[in-house]
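K.L.:
There's a structure below that I have some questions on.
The values are calculated or read from the model by the stated rules, or taken from the named source; none is laboratory data. As the structure is a prediction and not an experimental result, all values here were calculated from the model. In this analysis, Cβ positions are derived from the backbone assuming ideal geometry, glycine residues included, and neighbour counts consider all displayed protein chains.
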Amino acid sequence: MKIRRLTAFVAGAAAAALAVSACTPPDEGGDTGTGGDDSGIQTDTAVTVGWNQPFYEYNTSSATGNATANANILYLIQESFNYYDPELNLVQNEDFGTYEVINEDPLTVEYTFADDNKWSDGTPVDAVDLLLQWGATSGHFNTIGDEEIEYDDEGNVTNQDEVDSNVYFNGTSATVGYIGDVELSEDNKTLTATYDVNYADWEVNLTGAAVPAHVVAMHALDIEDPAEAKQAVKDAFENEDTEALAAISKFWNEGFAFGDSLPEDKSLYLSNGAYELVEMVAGQYVTLQAREDFTGSHAASVERITVRYNEDPMQQVLALENGEIDVMAPQATADLVEALNGLGDGYTVLTGIDGTYEHVDLQFTNGGPFDPETYGGDEETALKVRQAFLKLIPRQEIVDKLIKPLNPEAEVRQSYNVVPGSPMYDGVVAANGQAEAFPLENDVAGAEALMEEAGVETPVDVRILFGASNARRQQQYAIMAEAFNQSGLFNLVDASSDDWGSMLDSATDQYDAALFGWQSTSTAVTAGNANYGTGQINNFYGYSNPEVDELQDQLSVETDPAEQERLLGEIEAHLVNDAFGVTIFQFPSVTAYRNTVTGIDPITISPTVFYGFWNWGTTGDTAEDPGEEG
Amino acid sequence: MLIFIVRRTLVGLALLLVASFVFYMLVDFTIDPLSDLRTSTDPSAPLQMEQRIEMLNLDAPPWERYIDWLFAFVTGDLGVAWRTGRSVSDLLGTAIISTIQLVSFATVAAIVLGVAVGIVSALRQYSSFDYLITFFAFLMFSLPSFWVAVLLKQWGAIGFNDFLVDPVIAPAVIVGISLVAGFLWQLAVGGGAKRRAIHGVIAALTVALVLVYMQVTNWWLQPRLDWVLLTLTSLGIAVTVTTLSTGLRNRRSLYTALTCVVLGLVLYIPVRYYLFSMLTPSMSYGLAALLGLLAIAVGMGIGWAWRGPDWKQSARTGGITAFLIAGLIFLDKVLSYWPAYMSAPAINNRPIQTIGDRAPNLGGNFWVQVLDGYTHLILPSLALMLISFAGYTRFSRGSMLEVMNQDYIRTARAKGINERTVVMRHGFRNSLIPLASIVPVDIIGLIGGALITERIFSRPGMGQLFIANLGADDIDPVMAYLVIVAFLAILANIVADLLYAALDPRIRVNA
């Protein structure tokens, strides 16, 4: 009985099923079979760039936002008064505006904004934006010093109320602070900046606005109208209105940091350049879309650029091979370059140099072999020992063995201050005499003669400080140790440590020579002062030469490039004569991309691979295929 | 019992306090928040260094910073990642979700498969199958996860995507795969030579047929569950669930499952083409879960409708079967977007992904995004699964062997109970008890410890949070991660103890 009932039921159900399946399913839309839904899939062309740090803040001038990962993205969405070309010349960007020196002493620069220069909400980009940039980063308007802010351990401010009632912009630049006063024209198109002290690198000092002033004021002061907001910023700075500036500074510090995705409020990520932000997933990627209403000469040529985050270069290679990223520009290592070269025909691998350079500096005042005190205050003896030591550093061998495999064009760097390939490099190298004093063919005979003259008992122990876990520096040390030990004049002692960064300053009696890299972010000529000037922050070695200090003082106020080059040459000649140290090589860089992307042309310093995005293009296979859409 | 819990909690808290101090000191010793400024040539670097020392209170001794941190932490303030200015609780929120997504699938799959294989292996103790599984388990144990992950990327992503360019499996390969599958199956089945031969041949033929079917219907480029596959898989599910749940002898239970199959087939077109399409704009995981619950309710209803004295068993069978069949229909809907997904510019015909948890610039509706999530999840899940699967296999094999040697198993057999009931009801259930003590600890281990897998697959989970912030010299997120993982580990141990006591009446928790 039961079985029969079941049979009946199953038969009924089967009939129902047939009935239902007899009515044709809705249009399957060709091959896709999605049941007639629009899949909603994007069809724009996109170039995806792999990078090792995720984007997280719009304001690159604030204390938190100051990072390369942010600066790269901002390079795509904001224009500035100038940019570097592939030869590292600073080129004025007249789409944005123009600037000129109108007075040499005191140094006065006039910035004029282009008439059609607008933020993507239609508000003009003008002198008020630059005024905010100067007001914020100069630190002149801060009414509360850093030392008056009290923090608990998490960096949470404990006296928040007091801070809130004061003006405190947290991203201060010492060099913007040299600009003592600015003046705006009536139409807000022109800003005239007057320096308190002349400054050689004025051209890279104030180059644009990090954030739109009207947005800051609209949020900080609760103003609806952009024009009114601009005026409020102008008034606040001109009248030094502490109350308004306090609110402005608070928003400037914190308002532009992003959370997990783009904020609802679009004004927090306005663009004045070729691209605008359209999507962001914290810790994963950010996507920029070309602005159709952008009229400048650096207009976008690919519809979308996505910057994707992955901190492991070898995984980026796999992602490149799997088509998840199109371009990558990681730090170069031997394994990585080998893996990239193994990718085959569909990919291009470019090698070159990046902004960091390797060097060896000597300790002058630690009672070690390079300190005159060791020889009873005999400057000459110490100098000879230093010269002999530097003559023996196998610079060419290090480059040949460690760097050439990654960058076949690699050469020994011969300047303490100037990036190879930048306009002043050849001139400064010719003047400084480093190549002659410390020849690439190691001058063993010369070193022996110097040590003999010095009359010091050989071999001399020299402790070298470097990063213990850094494979390349370990290899450099091994090459150096071999060369030195062969000469019999010096005996290298491995003083490497993972804590080398703080030991440079705090443990000067633990090492006699330091091997590490300095990173250049611009072609600023005054940057070197921190390394060689008497008592300067990065001069860990007690090096002091009054003539160098004097020349540095001249250089820092010199605005004529030819004269700057001459002064740099003289400064460096002193460094060579005093046997301060030697420079070894520029870090190799590698850029790899799929051949479906064209126009990639990285430059040495920031924004590296992103330079020339307006020349980028895509060929064939990322284009959409009409008719395939569901 | 209460005293036990209170005592364990207090000990746990004390342990946490000590651990947090040790962590803090170790992390503080490891990181150097000024490292990036030390090698900067920026003229403002000294100024920034001063600001940072002030902000992070670096001049104070570490224990002073620890005390500050601890007071903030116990008052619920997890701090701020100073480098990005984001609050730690914010960062944790996203990271935990991503990790749970990854870990939940891998853990469930590893437990189900590991336990199943382990038990079969125990039932065939010292057979070739047992040795093979033992060998495989030890192999998996000993493989470093970063290596497995990279191999998976090379073969599972790049290799498979290359295969999809022209997805044709050579006949010889089909034959080879079928023979291997048949061989493995006959090993697992065991018994006399005839039984093995029949099972082996059937298994080999089935695999060969499936592969040929996929080839002929271009399944790789248009994967779907049409009438044929849906009917076959649903029937398979119905029989398997019934066998495991009540045994095929229980006719009402079997009929319940079969009714679910029929209902599934009847509803296939309306649900898949009308209901899902209609819901597309408002579809979400929450809604999908609701529909799943609805399916379970319907299945239980069918079981209840078949009535009988043991309707609860039928309802259980019905609920499980209906849920799984509904899942198949859901999967079919997702798979229907495969061709559109493949041809999207963001995917460019290479669907299996190696980094992140979603493809940028894809766009797409709910179904496309689900599909995209799967193509990102599959490799890291496999990597995690392969390794923990091995552990579960060994563990459940050992515990099953122990149980099968107990007196009550012999008694059960002496009473004349059939082998299925002996194994499933008396053996299997009891062999799961020891698992209760390792599963919670294991899950916690995965939440904190999917570090390498997350990093290699670049998924924004807890492990990534830890590594990235340690690299960025940011102590607050690192401490939050460490304390949370330590807390969960302690909690998991307490839960495991209580669970064990609840499951096994012989165990008493004594204060």
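K.L.:
Hey, among the residues in region A:168-189 that are under 25 Å from A:Asp105 (Cα atoms) and touching a Phe, Trp or Tyr at 6+ places or on another chain (Cβ under 7 Å), which one's nearest to the other protein chains (Cβ to nearest Cβ)?
P.N.:
A:Thr175
K.L.:
I'm trying to understand the selection: among the residues of region B:58-69, which are surrounded by fewer than 17 Cβ atoms within 10 Å (Cβ to Cβ) and either at the interface with chain A (Cβ under 9 Å from one of its Cβ atoms) or within 18 Å of B:Ile484 (Cβ to Cβ) (or both)?
P.N.:
If the condition is that a residue be surrounded by fewer than 17 Cβ atoms within 10 Å (Cβ to Cβ) and either at the interface with chain A (Cβ under 9 Å from one of its Cβ atoms) or within 18 Å of B:Ile484 (Cβ to Cβ) (or both), then B:Ala60, B:Glu64, B:Ile67 are the ones that fit.
K.L.:
Within region B:306-353, how many residues are in a helix (DSSP H, G or I), under 30 Å from A:Arg594 (Cβ atoms) and in contact with a helix residue (DSSP H, G or I) (Cβ under 6 Å, 6 or more places away or on another chain)? I'd like the intermediate steps shown before the answer.
P.N.:
Taking region B:306-353 first, the residues in a helix (DSSP H, G or I) are B:311-335, B:338-343.
Right, trim to under 30 Å from A:Arg594 (Cβ atoms) and you get B:334-335, B:338-343.
Okay, now just the ones that are also in contact with a helix residue (DSSP H, G or I) (Cβ under 6 Å, 6 or more places away or on another chain), so B:334, B:341.
Number of matching residues: 2.
K.L.:
Okay, moving on. Within region A:391-412, which residues are part of a loop (DSSP other than H, G, I, E, B) and among the β-branched types (Val, Ile, Thr)?
P.N.:
Residues of region A:391-412 that are part of a loop (DSSP other than H, G, I, E, B), as a first pass: A:393-394, A:404-411.
Residue satisfying the conditions is A:Ile393 alone.
K.L.:
Here is a follow-up. Quick one: which of A:Thr598, A:Thr604 is at pLDDT below 95, crowded, with 20+ Cβ neighbours inside 10 Å, at negative phi and not assigned by TED's automatic domain parsing to the domain that holds A:Met424? Walk me through how you get there before you give the answer.
P.N.:
On the way: A:Thr598 fails: crowded, with 20+ Cβ neighbours inside 10 Å.
So the residue among A:Thr598, A:Thr604 that is at pLDDT below 95, crowded, with 20+ Cβ neighbours inside 10 Å, at negative phi and not assigned by TED's automatic domain parsing to the domain that holds A:Met424 is A:Thr604.
K.L.:
Tell me which residues, restricted to region B:354-371, are touching a strand residue (DSSP E or B) at 6+ places or on another chain (Cβ under 9 Å), in a helix (DSSP H, G or I) and touching a residue at least 60 places away in the same chain (Cβ under 8 Å).
P.N.:
none
K.L.:
Let me ask you something else. If the requirement is being surrounded by fewer than 18 Cβ atoms within 10 Å (Cβ to Cβ) and within 10 Å of chain A (Cβ to nearest Cβ), which of these qualifies: B:Arg358, B:Arg413, B:Arg425, B:Arg429? Can you show your working first?
P.N.:
Working: B:Arg413 fails: within 10 Å of chain A (Cβ to nearest Cβ); B:Arg425 fails: within 10 Å of chain A (Cβ to nearest Cβ); B:Arg429 fails: within 10 Å of chain A (Cβ to nearest Cβ).
B:Arg358 is the lone residue from the list that is surrounded by fewer than 18 Cβ atoms within 10 Å (Cβ to Cβ) and within 10 Å of chain A (Cβ to nearest Cβ).
K.L.:
Looking at region B:5-45, which of its residues are at pLDDT below 85, part of a helix (DSSP H, G or I) and farther than 24 Å from B:Ala480 by Cβ?
P.N.:
Hits for region B:5-45 are B:Leu37, B:Arg38, B:Ala45.
K.L.:
List every residue pair whose Cβ atoms lie under 9 Å apart, where the two residues are 6 or more positions apart in sequence or sit on different chains, the first residue falls within region A:99-114 and is in contact (Cβ under 8 Å) with a residue 60 or more places away in the chain and over 23 Å from A:Tyr83 (Cβ atoms), and the second residue, located anywhere, is among the aliphatic types (A, V, I, L, M) and part of a loop (DSSP other than H, G, I, E, B).
P.N.:
Pairs found: A:Asp105/A:Val557; A:Pro106/A:Val197.
K.L.:
For region B:89-146, give me the residue count where each residue is in a helix (DSSP H, G or I) and either closer than 30 Å to B:Gly356 by Cβ or touching a His at 6+ places or on another chain (Cβ under 9 Å) (or both).
P.N.:
Going through region B:89-146, the residues in a helix (DSSP H, G or I) turn out to be B:89-123, B:128-142, B:145-146.
Then drop every residue that is not either closer than 30 Å to B:Gly356 by Cβ or touching a His at 6+ places or on another chain (Cβ under 9 Å) (or both), which leaves B:89-114, B:139-142, B:145-146.
Total meeting the criteria: 32.
Conditions (1) within 14 Å of chain A (Cβ to nearest Cβ); (2) farther than 28 Å from B:Pro167 by Cβ; (3) touching a strand residue (DSSP E or B) at 6+ places or on another chain (Cβ under 6 Å); (4) not hydrophobic (A, V, I, L, M, F, W, C), marked per residue:
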{"position": "B:Leu209", "(1), (2), (3), (4)": "no, no, no, no"}
{"position": "B:Tyr213", "(1), (2), (3), (4)": "no, no, no, yes"}
{"position": "B:Trp219", "(1), (2), (3), (4)": "yes, no, no, no"}
{"position": "B:Trp227", "(1), (2), (3), (4)": "yes, no, no, no"}
{"position": "B:Thr231", "(1), (2), (3), (4)": "yes, no, no, yes"}
{"position": "B:Ser234", "(1), (2), (3), (4)": "yes, no, no, yes"}
{"position": "B:Arg251", "(1), (2), (3), (4)": "yes, yes, no, yes"}
{"position": "B:Leu254", "(1), (2), (3), (4)": "yes, yes, no, no"}
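K.L.:
Another question about this same structure. Within region A:413-453, track down each residue that is assigned to a loop (DSSP other than H, G, I, E, B) and closer than 18 Å to A:Ala524 by Cα.
P.N.:
Here is the first cut: in region A:413-453, the residues assigned to a loop (DSSP other than H, G, I, E, B) are A:413-424, A:433, A:438-443.
Scanning region A:413-453 gives A:Arg413, A:Gln414, A:Ser415, A:Tyr416, A:Asn417, A:Val418, A:Val419, A:Pro420, A:Gly421, A:Ser422, A:Pro423, A:Met424.
K.L.:
Looking only at region A:248-266, which residues are small (Gly, Ala, Ser) and in contact (Cβ under 8 Å) with a residue 60 or more places away in the chain? Before the answer, list the steps.
P.N.:
Here is the first cut: in region A:248-266, the residues small (Gly, Ala, Ser) are A:249, A:255, A:257, A:259, A:261.
Across region A:248-266, the qualifying residues are A:Ser249, A:Gly255, A:Ala257.
K.L.:
Select from region A:497-526 the residues that are in contact (Cβ under 8 Å) with a residue 24 or more places away in the chain, assigned to a loop (DSSP other than H, G, I, E, B), over 22 Å from the mean Cα position of the chain (by Cα) and surrounded by fewer than 21 Cβ atoms within 10 Å (Cβ to Cβ) and list them in ascending order.
P.N.:
Once the filter is applied, which keeps residues that are in contact (Cβ under 8 Å) with a residue 24 or more places away in the chain, assigned to a loop (DSSP other than H, G, I, E, B), over 22 Å from the mean Cα position of the chain (by Cα) and surrounded by fewer than 21 Cβ atoms within 10 Å (Cβ to Cβ), region A:497-526 yields only A:Asp498.
K.L.:
In addition: Mind counting the residues in region B:224-252 that are assigned to a helix (DSSP H, G or I) and without any contact (Cβ under 8 Å) to a residue 60 or more places away in the chain?
P.N.:
Quick first cut of region B:224-252, residues assigned to a helix (DSSP H, G or I) only: B:227-245, B:251-252.
Still in the list and also without any contact (Cβ under 8 Å) to a residue 60 or more places away in the chain: B:227-229, B:231-232, B:235-236, B:239-240, B:251.
Going through region B:224-252 one residue at a time, the tally reaches 10.
K.L.:
Next question. Given the structure, is A:Asp129 at pLDDT below 95 and either touching a Lys or Arg at 6+ places or on another chain (Cβ under 9 Å) or surrounded by fewer than 21 Cβ atoms within 10 Å (Cβ to Cβ) (or both)? Spell out how you get there, then give the answer.
P.N.:
Working: at pLDDT below 95: no; either touching a Lys or Arg at 6+ places or on another chain (Cβ under 9 Å) or surrounded by fewer than 21 Cβ atoms within 10 Å (Cβ to Cβ) (or both): yes.
Spelling it out, it is not the case that A:Asp129 is at pLDDT below 95 and either touching a Lys or Arg at 6+ places or on another chain (Cβ under 9 Å) or surrounded by fewer than 21 Cβ atoms within 10 Å (Cβ to Cβ) (or both).
K.L.:
Let me ask something else about it. Could you check region B:86-101 and list, in sequence order, the residues that are at the interface with chain A (Cβ under 10 Å from one of its Cβ atoms), within 15 Å of B:Ile475 (Cα to Cα) and touching a residue at least 40 places away in the same chain (Cβ under 8 Å)?
P.N.:
Within region B:86-101, B:Val88, B:Leu91 qualify.
K.L.:
Answer with yes or no whether B:Pro351 is under 25 Å from B:Gln154 (Cβ atoms) and at pLDDT 90 or above. Give the derivation first.
P.N.:
Working: under 25 Å from B:Gln154 (Cβ atoms): yes; at pLDDT 90 or above: yes.
It is true that B:Pro351 is under 25 Å from B:Gln154 (Cβ atoms) and at pLDDT 90 or above.
K.L.:
Follow-up question, since we're still on this one. Against the definition (in contact with a helix residue (DSSP H, G or I) (Cβ under 6 Å, 6 or more places away or on another chain), at pLDDT 90 or above and in the same structural domain as A:Met451 (by TED's automatic domain parsing)), how does A:Lys404 come out, yes or no? Spell out how you get there, then give the answer.
P.N.:
On the way: in contact with a helix residue (DSSP H, G or I) (Cβ under 6 Å, 6 or more places away or on another chain): no; at pLDDT 90 or above: yes; in the same structural domain as A:Met451 (by TED's automatic domain parsing): yes.
Here the answer is no, as A:Lys404 does not meet what is asked.
K.L.:
Could you tell me whether any residue of region B:64-76 is over 24 Å from A:Gly255 (Cα atoms), hydroxyl-bearing (Ser, Thr, Tyr) and not in a helix (DSSP H, G or I)?
P.N.:
There is at least one residue in region B:64-76 that is over 24 Å from A:Gly255 (Cα atoms), hydroxyl-bearing (Ser, Thr, Tyr) and not in a helix (DSSP H, G or I).
K.L.:
Out of region A:533-590, which residues are of a type in the set (A, V, I, L, M, F, W, C) and under 23 Å from the mean Cα position of the chain (by Cα)? Don't jump to the end; show me each part of the working.
P.N.:
Here is the first cut: in region A:533-590, the residues of a type in the set (A, V, I, L, M, F, W, C) are A:537, A:540, A:548, A:551, A:555, A:557, A:562, A:567-568, A:571, A:573, A:575-576, A:579-580, A:582, A:584-585, A:587, A:590.
Passing the criteria: A:Ile537, A:Ile584, A:Phe585, A:Phe587, A:Val590.
K.L.:
Given (1) outside any loop (DSSP other than H, G, I, E, B); (2) surrounded by fewer than 17 Cβ atoms within 10 Å (Cβ to Cβ); (3) free of Cβ contacts under 8 Å to residues at least 12 places away in the same chain, identify the lone condition not met by A:Ala530.
P.N.:
Going through (1) outside any loop (DSSP other than H, G, I, E, B); (2) surrounded by fewer than 17 Cβ atoms within 10 Å (Cβ to Cβ); (3) free of Cβ contacts under 8 Å to residues at least 12 places away in the same chain one by one, A:Ala530 breaks only (2).
K.L.:
A follow-up question, please. Restricting to region A:323-350, and then to whatever is of a type outside the set (Asp, Glu) and surrounded by 21 or more Cβ atoms within 10 Å (Cβ to Cβ), can you tell me which residue is farthest from the chain's Cα centre (by Cα)?
P.N.:
Here is the first cut: in region A:323-350, the residues of a type outside the set (Asp, Glu) are A:323, A:325, A:327-334, A:336-337, A:339-344, A:346-350.
Those still in the list that are surrounded by 21 or more Cβ atoms within 10 Å (Cβ to Cβ) too: A:323, A:325, A:327-330, A:332, A:340.
Working: A:Gly323: 27, A:Ile325: 21, A:Val327: 18, A:Met328: 16, A:Ala329: 13, A:Pro330: 13, A:Ala332: 16, A:Leu340: 24 Å.
Checking each candidate, the answer is A:Gly323.
K.L.:
While we're looking at this one, here's another question. Among the residues of region A:383-393, is any touching a Lys or Arg at 6+ places or on another chain (Cβ under 7 Å) and not polar (S, T, N, Q)? Steps first, please.
P.N.:
The initial filter retains those residues of region A:383-393 that are touching a Lys or Arg at 6+ places or on another chain (Cβ under 7 Å), namely none.
No, region A:383-393 contains no residue that is touching a Lys or Arg at 6+ places or on another chain (Cβ under 7 Å) and not polar (S, T, N, Q).
K.L.:
Which is loosely packed, with under 13 Cβ neighbours inside 10 Å and modelled with pLDDT of 90 or more, of B:Phe163, B:Phe135? Show your work before the answer.
P.N.:
Details: B:Phe163 fails: loosely packed, with under 13 Cβ neighbours inside 10 Å.
Just a single option satisfies the conditions, and that option is B:Phe135.
K.L.:
Here is a further query. Identify all residues within region A:359-390 that are within 33 Å of the chain's Cα centre (by Cα) and either among the hydrophobic types (A, V, I, L, M, F, W, C) or outside any loop (DSSP other than H, G, I, E, B) (or both); write none if there are none.
P.N.:
A:His359, A:Val360, A:Asp361, A:Leu362, A:Phe364, A:Leu390
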